[in-house]
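The values are calculated or read from the model by the stated rules, or taken from the named source; none is laboratory data. In this text, all values refer to a predicted model and were calculated from it rather than measured experimentally. All Cβ positions, even for glycine, are placed from backbone atoms using ideal geometry, and neighbour counts span all protein chains on display. Ligands, DNA and RNA are stripped out before the accessible areas are found, and what is left, the full protein with its side chains, is counted by its heavy atoms. Shrake-Rupley method; radii C 1.70, N 1.55, O 1.52, S 1.80 Å.
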Amino acid sequence: MKSVLAALVLALIPATVPAVATAAANPYERGPAPTAASVEASRGTFAVTSAAVARQSNFGGGTVYTPTSDLTFGAVAISPGFTATQTSVAHFGPRLASYGFVVITINTLSGWDDPDSRGRQLLAALDHVVRTNPRVDASRLAVMGHSMGGGGALRAAASRPALQASIPLAGWHTTKNWSTVQVPTMVLGGQSDPTAPNSQHSLPFYTSMTAAPDKAFLELRGGDHSDPRSDNVTVRKYTLSWLKRFVDDDLRYDQFLCPAPAPNTLISAYRDTCPHA
């Protein structure tokens, strides 16, 4: 009888080992497996707390959103555009945090700060949350920004190649060549943007990033300058999927990025480097 039981135990071991290995293969997965509905939803599964950050010497303060959990999380810093405050990008904070990121939406030192200054402030904000928030994994950091804040996200990525992801939203910058960027970058633009036309900004940014291991360009059909930072289902789906894929290395989100979406009623153009590295 004992020999029979031993044989049964041994027979079960090979079946259980792969399951354990799969679970341990990516320790950064946060939250349940995504669905087509979940990536477009207004909130994920984590409860979220928020805390104000006072003005600092190297960025204008802001708000930190943290998932209520004992886990550690990647962190994302988000900058507003020219003359705007964090209120213009505030909706990203609680939403992304509810999917498993620590998020800081920032005010800039001055509403008139240029994109390069905003890039330095994004990095300063990330450094701040790394120092002060025990839930942050310092090895998994990303930047986002709108308009000149998007130009700042590009500058931050060029300055700090250790970043895991960058997402310029209707980015604006006088520099058009970003061939030194090595950070996976998703560029979002509006098809009808009069302030940062894609032909002069987002497309040259995307095309020039020859050193980026992965990149994408998404053009919102009929979108103006503000649409890429709006709380709409397309922005929700693709910004979340990009951050999950590259900050958390969560391959469960690859299905929403590759194969690339075909043009439809919401997306007028999409370019990419699928399959992702």
Filter pass, S166 being touching a Ser or Thr at 6+ places or on another chain (Cβ under 8 Å), open to solvent by less than 10 Å² (accessible area, probe 1.4 Å) and at pLDDT 95 or above: yes
Residue check for P32: over 30 Å from W112 (Cα atoms), modelled with pLDDT under 95 and open to solvent by 30 Å² or more (accessible area, probe 1.4 Å): no
Quick check on this structure: which one of G145, G152, G111 is outside any strand (DSSP E or B), crowded, with 24+ Cβ neighbours inside 10 Å, in contact (Cβ under 8 Å) with a residue 12 or more places away in the chain and not hydrophobic (A, V, I, L, M, F, W, C)? G152
Yes or no: T68 in contact with a helix residue (DSSP H, G or I) (Cβ under 9 Å, 6 or more places away or on another chain), among the hydroxyl-bearing types (S, T, Y), at pLDDT 95 or above and surrounded by fewer than 22 Cβ atoms within 10 Å (Cβ to Cβ)? no
Can you say whether D116 is open to solvent by 10 Å² or more (accessible area, probe 1.4 Å), of a type outside the set (A, V, I, L, M, F, W, C) and in contact with a Gly (Cβ under 8 Å, 6 or more places away or on another chain), as far as the supplied structure shows? yes
Of all residues in region 119-142 being among the β-branched types (V, I, T) and surrounded by 17 or more Cβ atoms within 10 Å (Cβ to Cβ), which is farthest from W172 (Cα to Cα)? V136
Yes/no for R245 being among the charged types (D, E, K, R), within 26 Å of A97 (Cβ to Cβ), open to solvent by 30 Å² or more (accessible area, probe 1.4 Å) and touching a helix residue (DSSP H, G or I) at 6+ places or on another chain (Cβ under 8 Å): no
When V17 is evaluated against the numbered criteria (1) open to solvent by 70 Å² or more (accessible area, probe 1.4 Å); (2) assigned to a helix (DSSP H, G or I); (3) at pLDDT 95 or above, which criterion, by number, is the only one it fails? (3)
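Listed here are the residues, each with its yes/no results for (1) over 25 Å from N198 (Cα atoms); (2) of a type outside the set (S, T, N, Q); (3) touching a strand residue (DSSP E or B) at 6+ places or on another chain (Cβ under 8 Å).
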residue: G93; (1), (2), (3): yes, yes, yes
residue: F101; (1), (2), (3): yes, yes, yes
residue: D114; (1), (2), (3): no, yes, no
residue: L122; (1), (2), (3): no, yes, yes
residue: L126; (1), (2), (3): yes, yes, yes
residue: G152; (1), (2), (3): no, yes, yes
residue: A156; (1), (2), (3): no, yes, yes
residue: L163; (1), (2), (3): no, yes, yes
Within region 213-240, restricting to residues that are crowded, with 22+ Cβ neighbours inside 10 Å and of a type in the set (G, A, S), the one that is nearest to A33 (Cα to Cα) is A216
For L251, are the conditions met, namely being at negative phi, surrounded by fewer than 17 Cβ atoms within 10 Å (Cβ to Cβ), of a type outside the set (S, T, N, Q) and touching a helix residue (DSSP H, G or I) at 6+ places or on another chain (Cβ under 6 Å)? no
What about V53, is it open to solvent by less than 20 Å² (accessible area, probe 1.4 Å) and modelled with pLDDT of 95 or more? no
Of the conditions (1) touching a Gly at 6+ places or on another chain (Cβ under 7 Å); (2) open to solvent by 20 Å² or more (accessible area, probe 1.4 Å), G81 satisfies every one except a single condition; which number is it? (2)
Do we have A277 as of a type in the set (A, V, I, L, M), surrounded by fewer than 19 Cβ atoms within 10 Å (Cβ to Cβ) and touching a residue at least 60 places away in the same chain (Cβ under 8 Å) here? yes
Determine whether region 254-272 contains at least one residue that is open to solvent by 10 Å² or more (accessible area, probe 1.4 Å), free of Cβ contacts under 8 Å to residues at least 40 places away in the same chain and within 24 Å of V102 (Cβ to Cβ). yes
